[in-house]
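A short reminder: the numbers here are calculations on the coordinates, not readings from a lab. Treat the numbers as computed from the prediction; the structure is a model and nothing was measured. Positions of Cβ are backbone-derived with ideal geometry, glycine not excepted, and every protein chain shown enters the neighbour counts.
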Amino acid sequence: MFSRILIANRGEIALRIIRAAREMGIETVCVYSQADREGPWLEQADQTVCIGPGPATESYLRIDRIISAAEIANVDAIHPGYGFLAENAHFAEVCRDCHIEFIGPSPEAMGTLGDKISCKRMARAAKTPLFPGSDGAIEEEEEAVETAAKIGYPVIVKASAGGGGRGMRIAHNEGALRTSIAAARQEAESAFGNGAVYLEKFLERARHVEIQVLGDKHGNAVHLFDRDCSSQRRHQKLIEEAPAPAIDPKKRDAVARSAADLVRRADYAGAATVEFLMDQDQNFYMLEVNTRVQVEHPVTELITGIDIVKATIRIAAGEPLPWKQRDIKISGHAIECRINAEDPDRNFAPQPGRLERYTPPGGLGVRVDSHVRAGYMIPPHYDSMIGKLIVHAPTRPEAIARMRSALTEFDIAPNRTTIPLHRRIMDSAEFKAANVEIHAIEQMLKG
Ligand code: ADP
């Protein structure tokens with residue numbers, strides 16, 4: 001096992017990794033930017049190294065500085081968390097070249113599953129359900145027009161290297177499709193340096209359901225069931241729950257097994273999430289694979305009892321997975337609300353600045369993963385999530401009631417947060433009936 005690891009991240013996920021490492025008897029070295037000098041999580045690390053000014057491009061995204069810090073601190077491995085460099089295959093490669101273990105997949109496996117077109121090719125072999133659409137990248141416009149006519153409009157043109165909802169265009173007819181292809185190519189080229197685009201059927205009403213998978217370095221992979229992340233705003237997840245409610249057990253089983261098979265075929269070691277859209281008839285269509293631990297991993301931890309962050313460290317150290325698929329069972333229901341310092345009444349404008357009051361809720365089945373405290377100054381440079389409130393209860397209605405109560409208890413001032421919005425969603429008939437599709441929250445905000 002490693003004796004010291006470096007955490008190339010900040011905030012709640014840095015703290016989450018410190019906690020896991022400390023329980024495992026591993027020392028932690030946390031890098032930080034000048035804007036994070038007073039970050040409360042840094043007090044929990046064994047060592048800290050400043051790597052530059054506030055903007056992420058000058059600190060958390062600087063591979064050279066992170067590697068220098070790792071060399072100086074003499075660590076065995078680097079945990080990238082999520083965001084920043086977590087899905088950067090070049091970073092994983094540099095770590096390997098420097099003989100520092102990257103806690104995540106190999107650059108090759110990350111490349112195969114992280115690129116949407118090569119991922120789809122492998123998914124086809126694993127019988128992971130895919131959207132009807134183009135076979136790989138669009139080469140000829142005429143071919144795409146033919147495919148769209150076959151599968152029917154609307155269709156969506158997406159960038160192979162895409163992320164964060166960029167490089168996507170919906171087309172309702174042939175004329176729009178022709179302009180979309182050219183525009184999406186250009187956008188993808190300038191945003192990602194890779195102009196490859198592909199076409200798939202656009203689903204008007206769908207739920208976002210994803211499968212958590214863990215793979216090891218010995219050819220094993222297991223799934224940890226599913227999560228529903230349909231409560232979104234502008235393709236950003238707001239609420240996640242596990243298991244995904246009201247899904248036929250046979251469907252769940254088949255899709256989850258295909259996701260684990262896909263990860264196994266890619267020789268993938270670490271945590272991966274295979275994301276799907278699900279239509280009203282419970283047909284699944286794969287969106288993409290995220291090659292890292294996700295923000296919403298706690299809901300899966302609570303229903304399976306598996307510590308996903310510890311698992312990523314053990315896997316990187318070469319340990320085989322200690323479970324067979326049949327050992328992994330679902331217990332109860334978990335819900336997570338992302339607490340963002342944003343003003344829902346002013347188009348979710350970020351609310352940086354000093355937190356004067358911060359009192360998190362507690363009690364049975366209530367977990368708060370947060371890096372802040374009263375007096376903390378929220379810097380303007382990073383995303384506005386200041387914590388995650390996660391609850392676990394025997395059933396979904398009990399979990400909703402517990403979340404409702406915990407949200408009421410949560411006291412944050414003067415910064416505006418997403419807490420009132422979460423309360424409204426917990427009270428809505430749609431959420432209670434598990435009838436939330438990916439555009440429902442936006443419609444609720446309009447209405
Ligand atoms: P990104 O990597 O940019 O996040 P994804 O492929 O994960 O791109 O898609 C992001 C979001 O865009 C999805 O959660 C969904 O809301 C919407 N979307 C993507 N593809 C489709 C589709 N074929 N039909 C309907 N909505 C889609």
**Study point:** For the range 164-216, Kirkwood radius (reciprocal of mean inverse C-alpha pair distance, Å)
**Key:** 13.2
Exercise for review: Can you run the Rg to Rh ratio on the range 112-186? Use alpha carbon positions and the Kirkwood inverse-distance Rh.
Suggested key: 0.95
Exercise for review: Multiply the residue gap between Arg234 and Phe192 by 0.36 nm, knock off their C-alpha separation, and tell me the result in nm, one decimal place.
Suggested key: 13.1 nm
Review point. Among Ile63, Ile303, what is the fewest-to-most ranking by other Cβ atoms within 10 Å?
Key: Ile63, Ile303
Review point. On the first, second and third principal axes, largest extent first, how far apart are the outermost C-alpha atoms of the range 4-103 in Å?
Key: 31, 31, 23
Practice item. Would you order Glu240, Glu140, Glu342 from fewest to most other beta-carbon atoms within 10 Å of each residue's own beta-carbon? Key: Glu140, Glu342, Glu240
**Study point:** Share of pairwise Cα separations in the range 315-392, more than 18 Å, in percent
**Key:** 59
Exercise for review: Let me have the relative contact order for the chain, percent, based on Cα pairs under 8 Å that are six or more residues apart.
Suggested key: 15
Point to revise | Percent of alpha-carbon pairs separated by more than 13 Å within the range 380-447 | key: 70
Exercise for review: Could you calculate the FRET efficiency of Ser3 with Lys324 from 1/(1 + (r/R0)^6), where r is the beta carbon distance between them and R0 is 25 Å, rounded to 0.05?
Suggested key: 0.25
Review point. What number, rounded to the nearest 500 deg cm²/dmol, is the helix-based mean residue ellipticity at 222 nm of the chain, given -39500 (n - 2.57) per DSSP H run of at least four residues and division by all its residues?
Key: -10000 deg cm²/dmol
Review point. Which residue, chosen from Pro350, Ala434, His371, occupies the Cα position most advanced towards the positive end of the dipole of the range 207-446, where the dipole is computed from +1 (Lys, Arg) and -1 (Asp, Glu) charges on Cβ about the Cα centre?
Key: His371
Check your understanding: Could you state the number of Å between the C-alpha centres of the range 293-346 and the range 165-203?
Key -> 33
Revision key, fill the gap. Quick calc, the chain, dipole around Cα centre from Cβ unit charges on Lys, Arg (+) and Asp, Glu (-), nearest 20 debye, gives 920
Check your understanding: For the range 112-241, what class follows from the C-alpha gyration tensor (a ≥ b ≥ c being the square roots of its eigenvalues): rounded when a/c is under 1.5, otherwise prolate if a/b is larger than b/c, else oblate?
Key -> prolate
Check your understanding: Which net charge results for the neighbourhood of Glu241, defined as the other residues with beta-carbon distances under 10 angstrom from its beta-carbon, given Lys and Arg at +1 and Asp and Glu at -1?
Key -> -3
**Study point:** Signed unit charges on C-beta, dipole axis of the chain, positive-most listed residue Ser3, Gly175, Gln34
**Key:** Ser3
Practice item. With the cut-off at 28 Å, report for the chain the share of all Cα pairs above it, as a whole percent. Key: 51
Check your understanding: When the chain is fully extended, how far beyond the present Cα-Cα distance does Ala183 get from Gln34, taking 0.36 nm per residue of separation?
Key -> 49.8 nm
Study note, to complete from the structure: One finds, for Gln282 and Ala349 with R0 = 30 angstrom and r their Cβ-Cβ distance, a FRET efficiency to the nearest 0.05 of 0.20
Exercise for review: Provide Val197, Val366 in ascending order of the number of other Cβ atoms located within 10 Å of each residue's Cβ, fewest first.
Suggested key: Val366, Val197
